[in-house]
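Below is one structure, written out as structure tokens; the observations come after it.
Each value in this text was obtained by applying a stated rule to the coordinates, not by laboratory testing. Everything numeric here is computed off the predicted structure, so don't read it as measured data. No Cβ is skipped: glycine too gets one built from the backbone with ideal geometry, and neighbour counts run over all protein chains shown.
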Amino acid sequence: MPHSSHPRRRFEIWIGARDSLPMLLGAAPFGIIFGTLAVPSGLSAPGALAMSLFVFAGSAQFIALNLLAGGAALPVILLTTFVVNLRHALYSATLLPHVAGLRQRWRIPLAFWLTDETFAVVQLRYAAPDLSPHKHWYYLGSCLAMYGNWFLCTLVGVVLGRSIPRLEHMGLEFAMAATFTGIVVPMLRSLPMLGAALAAAAVALAARGLPYKLGLVLAALAGVVIGVLLEELREAS
Amino acid sequence: MSGREVALIAGMTAVTFLVRYAFFALGDRLAFPPLAHRALRYVPVAVLTAIIVPMVLLPDGTHWQLTWHNAWLLGALVTGVIAWRFNHLLASITGGMLVFFFYRWVTG
């Protein structure tokens, strides 16, 4: 990767990491719980760490543990991983216009590190009116923060095992909900955007019983369709 | 690590990476038609809303909690109001989290 001695680049890395801070807090309990559940589910401690290091996809990792504990076959786990991660294709399609001009040595790691959280802050950074040519350094900063945090939390979970009391009841996950809310609400200033949000919310609630995050994918698609329809209607009138 | 575990992790790594990388791999060679461009602008609002709303309205994942006793709902509302009024992300997150944790602390 190119050197980061340029002060603007270093600044973008820093604010990318800083803006991801609440979500580090939100992801921490999941990372730790993943670490504590891994060994009882039948994964070795090095296997748990390797999974966080190479797969780096929280929901898919949890579901894999579940399937592993239930004795599922490898192809089943891989197919499930694919379905659970489908939403990332939507994220990368959305970000593509912004990264299309970058070299492969950028696009490969930025794709590898693409998560819900990083997508949330990075799309906001790309939408900002300033024409900084260094916004991919912001993206990198968010990635590095999330990645380091996820690995360290997994490590803490693996080392401490089941000795962390009530971690899942502390409500740290609220930090993620708050960040996403703070990002979404100011975007709801047009009727199509508001319609997209309402449609997505309704479908997410109705389809919340579906396994493997399928409800999330359906909700996203419903929101997009309603948003575009409202936009077309507004233009036609 | 057993051979089966190595295969599991290698397979999951490949599948996850390919889903994330498929569009990025194309780079300049893929130009979306105008309708797709338009549609993709709604992805952030749609997907983030779809993540938040069930979390906030059913914090335990199964039971509706449409009451003032729901710290998640209260915290998210405060976050939303601050974000709408001041358009300042950090202030909205901080405000929402203060309300959320204070409320949980008070109600035990």
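Compute the acute angle (0 to 90°) between the alpha-carbon long axis of helix B:43-57 and the principal axis of greatest extent of the alpha-carbon atoms of chain B; round to the nearest 10°.
For B:43-57 against chain B, the angle is about 40 degrees.
What helices in chain A pass both tests, a Cα length along the helix axis of 24 Å or more and a mean Kyte hydropathy of 1.0 or higher, using whole DSSP H runs? Working shown, then result.
Working: long enough: A:21-41 (30 Å, 1.61); A:135-160 (38 Å, 0.93); A:214-236 (33 Å, 1.69).
In chain A, the long hydrophobic H runs are A:21-41, A:214-236.
Using the reciprocal of the averaged 1/r over all distinct C-alpha pairs, how large is the Kirkwood radius of segment A:89-149 in Å?
Values: mean 1/r = 0.0860 Å⁻¹.
Averaging 1/r across every pair of different Cα atoms and inverting gives 11.6 Å.
Residue B:18 to residue B:68: FRET efficiency via 1/(1 + (r/R0)^6), r the Cβ-Cβ distance, R0 35 Å, to the nearest 0.05?
Numbers: r = 46 Å, r/R0 = 1.31.
After rounding to 0.05, the efficiency reads 0.15.
Quick check: from the Cα gyration tensor, does chain B come out rounded (a/c under 1.5), prolate or oblate?
Working: a/c = 2.76, a/b = 1.48, b/c = 1.87.
Verdict is oblate for chain B.
Once you have a ≥ b ≥ c as the square roots of the Cα gyration tensor eigenvalues for chain A, tell me rounded if a/c is under 1.5, and otherwise prolate or oblate according to whether a/b is larger than b/c.
oblate
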